[in-house]
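> I have a structure here, written as structure tokens, and I will follow up with some questions on it.
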Amino acid sequence: MSSTVVPLVIAFLGIVGTLVSGLLTQRLAERAKSKELDRSERQRAEERQYETKRAMEEAVRDCYVMLNTAALDYHSELNNFWYALRAGRVTDDLRSRLDDARREHRARYSAAQMRASDDVLAIADDVHRRLSRIYGVLKRLDGGFPPRREGESLEQAHTQIVELWDQLSEMRRIMRQSIGVPADMA
């Protein structure tokens, strides 16, 4: 090689090296940016998934709170109605309050059927049936109708109202367990 060709080759290699290094730098930057975008998208997807899960858990918790409240109110109205029936002082207002409590409980129970876990739904169903049975007995007694079954009396209705406290407590315990509340928390 001649002395004039060597500097040209060196100059050519320098120019090509400069151009290639620029392209290489650009490709590495694009690759890093692509990785960052992928990581960012994964993080957003994980955050959306977490928020969805949290919203579902909160919706279930709210459903349980409303069902528990409605069941306790219905139970209290049944108890109030029983006392008034025993004393012979049932009023239209008491009838209306009992019917309102019944409707509210049915609405909350229906909502729970769509959200509650199977174990919660099993106990909620039992509570619902017991409340409905007591309601039926009290309403028949209030209307002067004869009992449908053996043992349907004012005294038996009171016994069932008192016994229902255990079922309500059990329902609440299972609900709390279902949403992860430790058993030792009061």
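> Among the candidates R172, R133, R129, single out the residue that is under 36 Å from the mean Cα position of the chain (by Cα), closer than 18 Å to D100 by Cα and in contact (Cβ under 8 Å) with a residue 24 or more places away in the chain.
Numbers: R172 fails: closer than 18 Å to D100 by Cα; R129 fails: in contact (Cβ under 8 Å) with a residue 24 or more places away in the chain.
Of R172, R133, R129, the one residue that is under 36 Å from the mean Cα position of the chain (by Cα), closer than 18 Å to D100 by Cα and in contact (Cβ under 8 Å) with a residue 24 or more places away in the chain is R133.
> If I ask for residues that are within 18 Å of G143 (Cβ to Cβ) and touching a residue at least 12 places away in the same chain (Cβ under 8 Å), which ones from the range 68-99 would you list?
Within the range 68-99, the subset within 18 Å of G143 (Cβ to Cβ) is 77-78, 80-99.
Correct list: E77, L78, N80, F81, W82, L85, R86, V90, L94, R95, R97, L98.
> Of the residues that make up the range 115-127, is at least one over 18 Å from E170 (Cβ atoms) and surrounded by 14 or more Cβ atoms within 10 Å (Cβ to Cβ)? Steps first, answer last, please.
Looking only at the range 115-127, we keep the residues that are over 18 Å from E170 (Cβ atoms), and these are 115.
In the following step, the residues that additionally are surrounded by 14 or more Cβ atoms within 10 Å (Cβ to Cβ) were identified as 115.
Scanning the range 115-127, I find at least one residue that is over 18 Å from E170 (Cβ atoms) and surrounded by 14 or more Cβ atoms within 10 Å (Cβ to Cβ), so the answer is yes.
> Same structure, new question: Looking at the range 131-175 only, could you name the residues that are at pLDDT 95 or above, open to solvent by 60 Å² or more (accessible area, probe 1.4 Å) and hydrophobic (A, V, I, L, M, F, W, C)?
V162, W165
> Applying the selection to the range 177-186, what residues are open to solvent by 80 Å² or more (accessible area, probe 1.4 Å) and either within 13 Å of the chain's Cα centre (by Cα) or at pLDDT 85 or above (or both)?
Passing the criteria: only Q177.
> Could you go through the range 108-122 and let me know if any residue there is without any contact (Cβ under 8 Å) to a residue 12 or more places away in the chain, over 21 Å from E77 (Cβ atoms) and part of a loop (DSSP other than H, G, I, E, B). Give the derivation first.
First, pick out the residues of the range 108-122 that are without any contact (Cβ under 8 Å) to a residue 12 or more places away in the chain: 110, 113-114, 118, 121-122.
Narrowing the set further to residues that are over 21 Å from E77 (Cβ atoms) leaves 113-114, 118, 121-122.
In the following step, the residues that additionally are part of a loop (DSSP other than H, G, I, E, B) were identified as none.
Looking for residues that are without any contact (Cβ under 8 Å) to a residue 12 or more places away in the chain, over 21 Å from E77 (Cβ atoms) and part of a loop (DSSP other than H, G, I, E, B), one finds none in the range 108-122, hence no.
> Is it the case that L121 is of a type in the set (A, V, I, L, M, F, W, C) and under 17 Å from I161 (Cβ atoms)? Give the derivation first.
Working: of a type in the set (A, V, I, L, M, F, W, C): yes; under 17 Å from I161 (Cβ atoms): no.
Here the answer is no, as L121 does not meet what is asked.
> Which is of a type in the set (A, V, I, L, M), assigned to a loop (DSSP other than H, G, I, E, B) and farther than 20 Å from D62 by Cβ, of V137, V90, V181, V162?
Numbers: V137 fails: assigned to a loop (DSSP other than H, G, I, E, B); V181 fails: farther than 20 Å from D62 by Cβ; V162 fails: assigned to a loop (DSSP other than H, G, I, E, B).
Checking each option against the conditions leaves just V90.
Residues are listed down the side, and each one gets a yes or a no for (1) modelled with pLDDT of 90 or more; (2) aliphatic (A, V, I, L, M); (3) surrounded by fewer than 12 Cβ atoms within 10 Å (Cβ to Cβ):
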{"position": "L72", "(1), (2), (3)": "yes, yes, no"}
{"position": "R89", "(1), (2), (3)": "yes, no, yes"}
{"position": "R95", "(1), (2), (3)": "yes, no, no"}
{"position": "D100", "(1), (2), (3)": "yes, no, no"}
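> Could you figure out which of (1) free of Cβ contacts under 8 Å to residues at least 40 places away in the same chain; (2) open to solvent by less than 60 Å² (accessible area, probe 1.4 Å); (3) within 23 Å of S169 (Cβ to Cβ) isn't true of S40?
(3)
The values are calculated or read from the model by the stated rules, or taken from the named source; none is laboratory data. Keep in mind the model is a prediction, meaning the values are calculated, not measured. Virtual Cβ from ideal backbone geometry, glycine too; neighbours counted across all protein chains shown. SASA here: full protein model, heavy atoms, side chains in, ligands and nucleic acids out. Shrake-Rupley method; radii C 1.70, N 1.55, O 1.52, S 1.80 Å.
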